[in-house]
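Each remark here refers to the structure printed beneath this line.
What follows is calculated from the coordinates using simple rules that are stated; it is not laboratory data. The model shown is predicted, which means the values in this text are computed figures rather than measured ones. Glycine gets a Cβ as well: all are built from the backbone with ideal geometry, and neighbour counts include every protein chain shown.
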């Protein structure tokens, strides 16, 4: 029986079962909207805490850049601690919320995908109930959150190291830019690989009921056993992502080209619509690639049969039953190793 291609299974899922893509959009965009609303609310609360004196208002109304900058400096002076406090509280709150929402959303999505590949028989559903292990997903997403924090620290270190390379006495902007970009690229590559591996490990938590570390080990074993399938899925879905980005970038140029004719609201609305469509396509491609990985786990490669009584040998082209009787070995016939030596 010919094995099914995991990459084609992933594309089949997003084309014939679009509800998976809409489910991914639902929980991702809901969390994104909550982050945006909370960030805007926190920003305005921070601005509301800034003291503005009558002298600052007078300087702001002069419309002189020098006086306005002096007023802004006086307004924001001494508010760095409140800003740091706001950012810290917001980051911790959103991090905990992301761990919970991402764990619930990913568990629901993976459970549906596993059921899609296994069918709806009773044994599969019973196994899926046992694989609903939220604590392991919570721990795995905490690891992902920790890697993101480590990557942010790495980006900050890249900027600081780049600044050290250029001294006021001997400025070297080229070296600063090269060092900063090199470190940022290395940090991004390391973070993306670890984050991808942790995302892949979530499949084994839901599908096989593995714990956090067991799922990571299983993900590493899958990469070792099926590197070709993983590379093929990543390549094809990556190319589709690039094509979607190129098309979206080209379409965005249409409303921008009519900037002198269209009102600003219509132009920004068109750009926003194209951006949302692009983000929706990206989420569909992500769920398709995830479905391909699930197919690798649930539909393993079928081994090639070495001896099949109904299969014709490669050198004769005839069925095994059609071979002459003289070419067969009689099990009752003695061979040299069965004859006792004298």
- [ ] Residues in region 46-62, backbone N under 15 Å from the label point at residue 89 (7 Å along the Cα-to-beta-carbon vector): list them, ranges by number please.
- [x] 46-50
TODO: At a temperature of 37 °C and a viscosity of 0.692 mPa s, determine how fast region 129-180 diffuses translationally according to Stokes-Einstein, using the Kirkwood radius over alpha-carbon pairs as Rh; express D in µm²/s, rounded to the nearest whole number.
DONE: 240
Task: Relative frequency of Cα-Cα separations exceeding 33 Å in region 6-298, percent - done: 43
TODO: Set the Förster distance to 56 Å, then compute FRET efficiency between residue 163 and residue 251 from the Cβ-Cβ distance, nearest 0.05.
DONE: 0.90
- [ ] With label points built 7 Å along Cα→Cβ from the Cα atoms of residue 190 and residue 33, find their separation and express it in nm.
- [x] 3.8
Task: Sequence-separation-based contact order of region 35-104, relative, with Cα cut under 8 Å and 6+ spacing, percent - done: 34
Open item on the list: Counting each pair of different Cα atoms once, what's the Kirkwood radius of region 33-183 in Å, rounded to one decimal?
Closed with: 20.7
Task: Length-normalised contact order for region 6-298 - Cα pairs under 8 Å, 6+ apart - percent - done: 30
TODO: Would you please state the base-10 log of I(q)/I(0) at q = 0.10 1/Å for region 179-284, with intensities from the Debye formula using one equal scatterer on every alpha carbon?
DONE: -0.50
Task: Convex hull of region 1-120 built on C-alpha atoms - directionally averaged projected area, nm² - done: 12.2
Open item on the list: Between residue 273 and residue 241, what is the label-point separation in nm under the 7 Å Cα-to-beta-carbon projection?
Closed with: 2.7
Open item on the list: Sort 61, 111 by Cβ crowding within 10 Å, fewest neighbours at the top.
Closed with: 61, 111
TODO: Evaluate the distance, in nm, between pseudo-label points positioned 7 Å from the Cα of residue 266 and of residue 79 along their respective Cα→Cβ axes.
DONE: 3.8
